[in-house]
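The values are calculated or read from the model by the stated rules, or taken from the named source; none is laboratory data. On a predicted model such as this, the values are computed, not experimentally measured, just so you know. Methodologically, a virtual Cβ is constructed for each residue, glycine included, from the backbone with ideal geometry; neighbour enumeration extends over all protein chains shown.
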Amino acid sequence: MLPPVLAIDGPSGAGKGTVSRLVAKKLGWHYLDSGSIYRALAIAVLQKAIDVADEAGIVEIARTMELAFACADGLAVTLDGNDITHQLSLETTGNTASMIAVLPAVRAALLEKQHSFRRMPGLVADGRDMGTVVFPDAPHKIFLTASAEKRAERRYKQLIEKGVDANLSRLLLDIQERDRRDSERAAAPLLMAADAVFLDTSEMPVESVIAEVLRLINK
């Protein structure tokens, strides 16, 4: 019998990461942040100055890079032994990750890595195609979203709190463009699984979202 999976999908900035990590902690399950896998690959691509159109070059990096995840107090990621956590949230990283994620061979190369996270007692998988492509047999699926305006506002507050200069209008445009790319890409587009529960977090505090997710699992 395969370990159970809770697949939480949705667009960038919907709060999937925070909710998924806290739910995994409460359940005592393993955690997979698929976005960080793609972002880590994006960082490796940028570091090696590989063109985002060089599919073969990116696939080679995807197959050879060594990743490690820690989820004690927030997410910590190492790439080939180097801590890259602070680079994961950079806009250049996110935009590059979104561009290379449209490449079918790259997605195929990373699929096996994601499957390896499925271990007992269970897995909370956070991403954009967890319930549709990576774990289509997951017994629990949630599509977590929020308005583009609310997601841009949240991102703006995060950057300001970190002392990073940010422009709200530019962030909104970037999020809308990323949504368009993710929804229109040929390989595993951002779609809500037919058997997923839709959850709009635009006006919900994190605690309420977590409580609702746990209620849905128990139900």
* In region 33-49, the residues that are modelled with pLDDT of 90 or more and in contact with a strand residue (DSSP E or B) (Cβ under 7 Å, 6 or more places away or on another chain) -> 37, 40, 43, 44
* Give the residues of region 36-87 that are closer than 22 Å to residue 108 by Cβ, among the β-branched types (Val, Ile, Thr), in contact (Cβ under 8 Å) with a residue 12 or more places away in the chain and part of a loop (DSSP other than H, G, I, E, B), sorted by residue number. => 52
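Going by the structure shown, is residue 98 touching a strand residue (DSSP E or B) at 6+ places or on another chain (Cβ under 6 Å), outside any strand (DSSP E or B) and not basic (Lys, Arg)?
no
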* Asked: When only residues in region 88-105 that are polar (S, T, N, Q) and either free of Cβ contacts under 8 Å to residues at least 40 places away in the same chain or within 13 Å of residue 35 (Cα to Cα) (or both) count, which is surrounded by the most Cβ atoms within 10 Å (Cβ to Cβ)?
  -> 98
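Considering every residue within region 121-132, establish whether at least one is part of a loop (DSSP other than H, G, I, E, B), surrounded by 17 or more Cβ atoms within 10 Å (Cβ to Cβ) and over 16 Å from the mean Cα position of the chain (by Cα). Steps first, please.
Here is the first cut: in region 121-132, the ones part of a loop (DSSP other than H, G, I, E, B) are 121-122, 128-129.
Subsequent filtering for residues that are surrounded by 17 or more Cβ atoms within 10 Å (Cβ to Cβ) retains 122, 128-129.
Subset that is over 16 Å from the mean Cα position of the chain (by Cα): 122.
Yes, the conditions are met somewhere in region 121-132.
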* Of the conditions (1) over 14 Å from the mean Cα position of the chain (by Cα); (2) among the hydrophobic types (A, V, I, L, M, F, W, C); (3) under 15 Å from residue 33 (Cα atoms), residue 164 clears all except one; give me its number. => (3)
* Asked: How many of the residues in region 162-191 are farther than 16 Å from residue 132 by Cβ, of a type outside the set (Lys, Arg) and in contact with a Ser or Thr (Cβ under 7 Å, 6 or more places away or on another chain)?
  -> 1
* Test residue 199 against the stated conditions and say whether it is within 16 Å of the chain's Cα centre (by Cα), within 24 Å of residue 134 (Cβ to Cβ) and outside any helix (DSSP H, G or I). => no
* Structure fact -> Among 97, 70, 62, the single one that is at pLDDT below 90 and within 17 Å of the chain's Cα centre (by Cα) is 70
* Structure fact -> Of the residues in region 133-186, those that are in a loop (DSSP other than H, G, I, E, B) and modelled with pLDDT of 90 or more number 8
